[in-house]
Amino acid sequence: MKATTAIFGTIGLGFILIILSYFIDNDRFYYFSIGLFTSGFIAILIGKLILPLFYWLFFPVSGTYKIKKGNNYSGYRFKFFFKQKDINLKVKFYDSCWYDIHHWGNHINKLYGFGYFNIHKNSDRIGWRPNEKVGYIDLFYYYYRDKKRIIEKFKTIKTLRYFEVDVKTPEYKLGRHSFFYYGGKPLAHQDMVCDIVFL
């Protein structure tokens, strides 16, 4: 808020000085006024457009993720990165994420992760699957090393409660993020929702 006030104050001051420059016969004063006015607009452009766009392109965004019935993805996101290491987040699964695995399949879904562009070669993700007990979700380490898939269960959590995930991973130089996903190949038989807070 203070930064925004300062930016608009700079633009306002620059505008006033530009008007005054018409009454003051001084080239330096005129160019200073133009520079002040322009710098305010550049600051707005960077702070309100370029930086948010950069953040949206390269960084995962905290919020509610929803897989709609008949889909695998919680939205079509393609976010790549330059250098990524470790998974740090808090997750809350809603009751909609629980289902009978004996009826709908025991495949492991994906919560979040990252890896090279071919995630089936080298990647680190957190997998999830409903526990047999109603209202509980099992979490898994789900990763690939040189095309070899490794799955290890590490926690069972309750729906409607936040759980913090802190996983150490190798550093990837260039790759892409992977987000909340149902499957394997089966499509979601119901809407599924979770909240993710990236730390």
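The values are calculated or read from the model by the stated rules, or taken from the named source; none is laboratory data. Small disclaimer: the values here were computed from a predicted structure and weren't measured. Cβ sites come from the backbone with ideal geometry, for glycine too, and all protein chains shown count toward neighbours.
Within the bounds of the range 147-170, is there any residue that is buried (at least 16 other Cβ atoms within 10 Å of the Cβ) and of a type in the set (D, E, K, R)?
no
Here are some conditions: (1) within 17 Å of the chain's Cα centre (by Cα); (2) of a type outside the set (Asp, Glu); (3) at pLDDT below 95. ILE119 meets all but one. Which one does it not meet?
So ILE119 meets the others, but not (1).
What number of residues within the range 173-199 are part of a strand (DSSP E or B) and either under 17 Å from the mean Cα position of the chain (by Cα) or without any contact (Cβ under 8 Å) to a residue 24 or more places away in the chain (or both)?
12
Across the range 75-116, which residue is modelled with the lowest pLDDT among those that are among the aromatic types (Phe, Trp, Tyr) and under 26 Å from LYS148 (Cβ atoms)? Please lay out each step first, then the result.
Narrowing the range 75-116 to residues among the aromatic types (Phe, Trp, Tyr): 76, 78, 80-82, 93-94, 98-99, 104, 112, 114, 116.
Applying the additional criterion that residues be under 26 Å from LYS148 (Cβ atoms) yields 78, 80-82, 112, 114, 116.
On the way: PHE78: 72, PHE80: 86, PHE81: 89, PHE82: 87, TYR112: 96, PHE114: 96, TYR116: 94.
Restricting to residues being among the aromatic types (Phe, Trp, Tyr) and under 26 Å from LYS148 (Cβ atoms), the top hit is PHE78.
Which numbered condition trips up LYS155, out of (1) assigned to a loop (DSSP other than H, G, I, E, B); (2) among the basic types (Lys, Arg); (3) free of Cβ contacts under 8 Å to residues at least 40 places away in the same chain?
(1)
Looking at the range 72-105 only, could you name the residues that are of a type in the set (Val, Ile, Thr) and assigned to a helix (DSSP H, G or I)? Steps first, answer last, please.
First pass over the range 72-105, keeping only residues of a type in the set (Val, Ile, Thr): 87, 91, 101.
Answer for the range 72-105, where residues must be of a type in the set (Val, Ile, Thr) and assigned to a helix (DSSP H, G or I): just ILE101.
Restricting attention to the range 130-140, report how many residues are surrounded by fewer than 18 Cβ atoms within 10 Å (Cβ to Cβ) and in a strand (DSSP E or B).
1
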